[in-house]
Amino acid sequence: MRRFLVWLVLLCAAGVAQAAPTKTMLVLGDSLSAAHNIATEQGWVHLLEARLSSMEPTWRVINASISGETSLSGRNRLPALLEKYKPAVLVLELGANDGLRGLPLPALRENLATMIDLAQKSGARVLLLGIELPVNYGPQYRDGLRAVYRELSQQKRTALVPFLLDGVALDPSRMQDDGLHPTAAGEPGVLDNVWPSLQPLLR
């Protein structure tokens, strides 16, 4: 009996040692990640959380996205979020509102670069999610916006999704009437765009 109890204690201890601790993923974005005008559980971040729930080690997803968020307001909020949640991965989806307001691209670049630096210094790996603007913003501004994400990803060595809404934005059946936000039917496609670049960061 004593030998059995010793074996049981050792087995339980081994199980505890082998169980990997839960890791945290922080999503910092705007309305595109905040399930704008649809139920929260229909948004791509919630769909991601459901997918991660079956993985080992386990992940918890903190969605700190706010509709209307700009890169500057995100930059101001990030230090406290990093301190509170200590994420292993930061998914950074900001810049759409800067672009829609026609804000200077150098300021967007500086804000994103600062957030990437803060996250990497805290030990988090970063996935940068790019966005595109409607054609009426002109090729110069639209090309400049693309370059901000591409060049930052290269210089800071982050993972990158060049266009979050690729394959979704031009499909009226998967976009809301504003032409800017996916419907519930479009959100799985958004997750499909994110997943290939995110998955390597989970290992």
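The values are calculated or read from the model by the stated rules, or taken from the named source; none is laboratory data. Given the structure is predicted, the values throughout are model-derived calculations rather than measurements. All Cβ positions, even for glycine, are placed from backbone atoms using ideal geometry, and neighbour counts span all protein chains on display. Calculation scope for accessible area: heavy atoms of the full protein, side chains included, ligands and nucleic acids excluded. Shrake-Rupley method; radii C 1.70, N 1.55, O 1.52, S 1.80 Å.
Restricting L47, L94 to residues that are within 23 Å of R157 (Cα to Cα), modelled with pLDDT of 95 or more, of a type in the set (A, V, I, L, M) and buried (at least 17 other Cβ atoms within 10 Å of the Cβ) narrows the list to L94.
Identify all residues within the stretch 7-44 that are among the hydrophobic types (A, V, I, L, M, F, W, C), at pLDDT below 95 and within 17 Å of P87 (Cβ to Cβ); write none if there are none. It would help to see each step written out before you state the result.
Restricting attention to the stretch 7-44, the residues satisfying the condition of being among the hydrophobic types (A, V, I, L, M, F, W, C) are 7-14, 16-17, 19-20, 25-28, 32, 34-35, 38-39, 44.
Next cut, at pLDDT below 95 only: 7-14, 16-17, 19-20.
Result: A20, single match.
Table: residues versus (1) in contact (Cβ under 8 Å) with a residue 12 or more places away in the chain; (2) in contact with a strand residue (DSSP E or B) (Cβ under 7 Å, 6 or more places away or on another chain); (3) over 24 Å from A119 (Cβ atoms).
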site	(1), (2), (3)
L160	yes, yes, no
P182	yes, yes, yes
P188	yes, no, yes
L191	yes, no, no
V194	yes, yes, no
L198	yes, yes, no
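For the stretch 135-156, a residue qualifies if it is loosely packed, with under 12 Cβ neighbours inside 10 Å and either under 22 Å from the mean Cα position of the chain (by Cα) or under 18 Å from V194 (Cβ atoms) (or both), and the qualifying residues are Q154, Q155. Within the stretch 50-74, if we keep just the residues that are open to solvent by 70 Å² or more (accessible area, probe 1.4 Å) and more than 17 Å from T22 (Cα to Cα), the residue that is farthest from the chain's Cα centre (by Cα) turns out to be L72. Residues that are touching a strand residue (DSSP E or B) at 6+ places or on another chain (Cβ under 8 Å) and over 14 Å from R75 (Cβ atoms) within the stretch 98-125 comprise Q120, A124, R125, listed in sequence order.
Summed over the stretch 145-197, the residues that are under 30 Å from A39 (Cβ atoms), outside any helix (DSSP H, G or I) and among the hydroxyl-bearing types (S, T, Y) give a count of 1.
Counting only residues that are surrounded by fewer than 18 Cβ atoms within 10 Å (Cβ to Cβ) and touching a helix residue (DSSP H, G or I) at 6+ places or on another chain (Cβ under 8 Å), how many does the stretch 161-170 have?
Quick first cut of the stretch 161-170, residues surrounded by fewer than 18 Cβ atoms within 10 Å (Cβ to Cβ) only: 162-163, 166-167, 170.
So of that shortlist, the ones also touching a helix residue (DSSP H, G or I) at 6+ places or on another chain (Cβ under 8 Å) come out as 162-163, 166-167.
Total meeting the criteria: 4.
On inspection, R142 qualifies as more than 27 Å from L26 (Cα to Cα), assigned to a helix (DSSP H, G or I) and in contact with a Leu (Cβ under 8 Å, 6 or more places away or on another chain).
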